[in-house]
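The values are calculated or read from the model by the stated rules, or taken from the named source; none is laboratory data. Quantities reported herein were computed from a predicted structural model and do not represent experimental measurements. Virtual Cβ from ideal backbone geometry, glycine too; neighbours counted across all protein chains shown.
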Amino acid sequence: MKKIKELFNLKGKNALVTGSSRGIGKGIALGLAEYGANVMVHHYDSKRDHAEQTLNEINAFGVKSGLVFADLTDRHAADLIYNASRDIFKGIDILVLNASIQVRDPWDQITYNDFRRQTDINIGSTIWLIQKFVPYMKRNNWGRVITIGSVQQHRPHPEMLVYSATKMAMINMVRSLSPSFGKSGITINNIAPGVILTNRNKQALSNDQYAKHVLNKIPVGYFGESNDCAGLAILLSSDAGRYITGSDLLVDGGMNVSQ
């Protein structure tokens, strides 16, 4: 039997993290690289220099890396990402579906384009990428799929109706797929972050009054950082997490249970 420390070793595994040029995705990508995984970086709405900086930080761990740009609203995005990763790695063992967008609007001002963009990226790309990458995992009888949800699954924001609905849909995808993946050595789980200090959230939290209002809902009394999600992603990606599947795991400082 392996020692616990050895179970976390990801050396020789190939990972793809969508939306990994910054924020939670970057934190997870760097965490996987630190534990030995080769990492494919994906970006789609940020400056290329952010993605290249992430790539440089991954390379510092002495692992193999790659970079792909793809707009996840494009119907061919999954094929593009799959082909780019296949050119660099023989296949992907760990698929982290982190990329998403949120549009803040009252329910009666939601536009058709904003609805489609959020559903295409948050739900659609999740399905298409799973379809492309899971067959390789099945052939190897080993694989990890991690979706990144949100505390809004449990505490939906009144001005992010579509976003919170797409994140709740992710849980049902995980639950639907876990039984059919299990016998192929593949686990699939959802990580639901709370208020993490990403660029997206920092802008909203720059309003001191709003930041205080949000902080009062977090029992631990502080906002999270990307590494708070990376630790759990490493567990779920490794053999240490092999007996966890079909789960929705919150990293939110207790926000989902606060009054």
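Whether any residue in region 124-140 is more than 22 Å from Lys217 (Cβ to Cβ), outside any helix (DSSP H, G or I) and among the basic types (Lys, Arg) is what I want to check.
no
Mind checking which residues of region 72-112 are out of contact with any strand residue (DSSP E or B) (no Cβ under 8 Å at 6 or more places or on another chain) and either within 24 Å of Val174 (Cβ to Cβ) or small (Gly, Ala, Ser) (or both)?
Correct list: Leu72, Thr73, Arg75, Ala77, Ala78, Asp79, Tyr82, Ile101, Gln102, Val103.
So, in region 19-37, exactly how many residues are over 17 Å from Gly231 (Cα atoms) and either part of a strand (DSSP E or B) or in contact (Cβ under 8 Å) with a residue 60 or more places away in the chain (or both)?
Residues that pass the stated criteria total 1.
Which condition does Val214 not pass, out of (1) under 21 Å from Asn122 (Cβ atoms); (2) part of a helix (DSSP H, G or I); (3) without any contact (Cβ under 8 Å) to a residue 60 or more places away in the chain; (4) of a type in the set (A, V, I, L, M), if it passes all the others?
With (1) under 21 Å from Asn122 (Cβ atoms); (2) part of a helix (DSSP H, G or I); (3) without any contact (Cβ under 8 Å) to a residue 60 or more places away in the chain; (4) of a type in the set (A, V, I, L, M) applied to Val214, the lone miss is (1).
Out of (1) under 23 Å from Leu30 (Cβ atoms); (2) modelled with pLDDT of 95 or more; (3) in a loop (DSSP other than H, G, I, E, B); (4) not polar (S, T, N, Q), the odd one out for Tyr222 is which?
(2)
Looking only at region 98-132, which residues are within 20 Å of Lys26 (Cβ to Cβ) and of a type outside the set (Gly, Ala, Ser)?
Answer for region 98-132, where residues must be within 20 Å of Lys26 (Cβ to Cβ) and of a type outside the set (Gly, Ala, Ser): Asn98, Ile101, Gln102, Ile121, Asn122, Thr126, Leu129.
When you scan region 99-114, do you find a residue that is hydroxyl-bearing (Ser, Thr, Tyr), farther than 20 Å from Gly194 by Cβ and outside any loop (DSSP other than H, G, I, E, B), even just one?
yes
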